[in-house]
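First up is the structure itself, then whatever we jot down about it.
The values are calculated or read from the model by the stated rules, or taken from the named source; none is laboratory data. Treat the numbers as computed from the prediction; the structure is a model and nothing was measured. Cβ placement follows ideal geometry from the backbone for every residue including glycine, while neighbour counts extend to all protein chains displayed.
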Amino acid sequence: MAMMWDKKKQIAVSEEVDSIKAAMEARALAEIAGFGETEQYMIATAVSELAANSFRHATKGEVTIKILDRKTQKGIEVVVEDQGPGIEDIGKAVEDHFSTSGGLGLGLPGVKRLMNEFTIDTERVRRTKITVRKWVHKNVRHDTEISSRVHKGYAR
């Protein structure tokens, strides 16, 4: 008998530990979707960062993770929504080293690099919704770019 897998998970974010729960769920669904171990942890890292931001800036939010299964593509989509203050300047928020919380400012830019698609929808003083997607095998170009930079770094 075939085992049934839940292809969608929703995780409420109301305390810091919920970002870890969301990351674990994301990794599990990424495995079911067919991602290799490295990509599973890339997705989990992105989800952990987004969920932590939701708690840090809005004190509560929700993470929805689902497997995307289209005729020609398979992947994972993560939507993180909160009713917090919104993002004042999206352009700055996705720049390396920009932080409103005193951190390193690598969170959102890192998420953007780890995933294939990245969208922010925000209303100042009302809400933020971030949607990210990663596709199985579509990330070949992304991995090649990282590999190319690493090799250039060693070649010097």
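Could you check segment 11-53 and list, in sequence order, the residues that are aromatic (Phe, Trp, Tyr) and in a helix (DSSP H, G or I)?
TYR41 - this is the single residue of segment 11-53 that is aromatic (Phe, Trp, Tyr) and in a helix (DSSP H, G or I).
Would you point out the residue of segment 111-156, among those that are at pLDDT below 70, assigned to a helix (DSSP H, G or I) and β-branched (Val, Ile, Thr), that is surrounded by the most Cβ atoms within 10 Å (Cβ to Cβ)?
Within segment 111-156, the match that is surrounded by the most Cβ atoms within 10 Å (Cβ to Cβ) is ILE146.
Go through segment 2-52 and report how many residues are among the basic types (Lys, Arg) and surrounded by 15 or more Cβ atoms within 10 Å (Cβ to Cβ). Give the steps one after another, and end with the answer.
Just the residues of segment 2-52 that are among the basic types (Lys, Arg), to begin with: 7-9, 21, 27.
Filter once more, keeping what is surrounded by 15 or more Cβ atoms within 10 Å (Cβ to Cβ): 9, 21, 27.
Of the residues in that region, 3 qualify.
Give me a count of the residues in segment 53-88 that are more than 19 Å from ALA22 (Cβ to Cβ) and either in contact with a Gly (Cβ under 8 Å, 6 or more places away or on another chain) or buried (at least 17 other Cβ atoms within 10 Å of the Cβ) (or both).
Of the residues in segment 53-88, 3 are more than 19 Å from ALA22 (Cβ to Cβ) and either in contact with a Gly (Cβ under 8 Å, 6 or more places away or on another chain) or buried (at least 17 other Cβ atoms within 10 Å of the Cβ) (or both).
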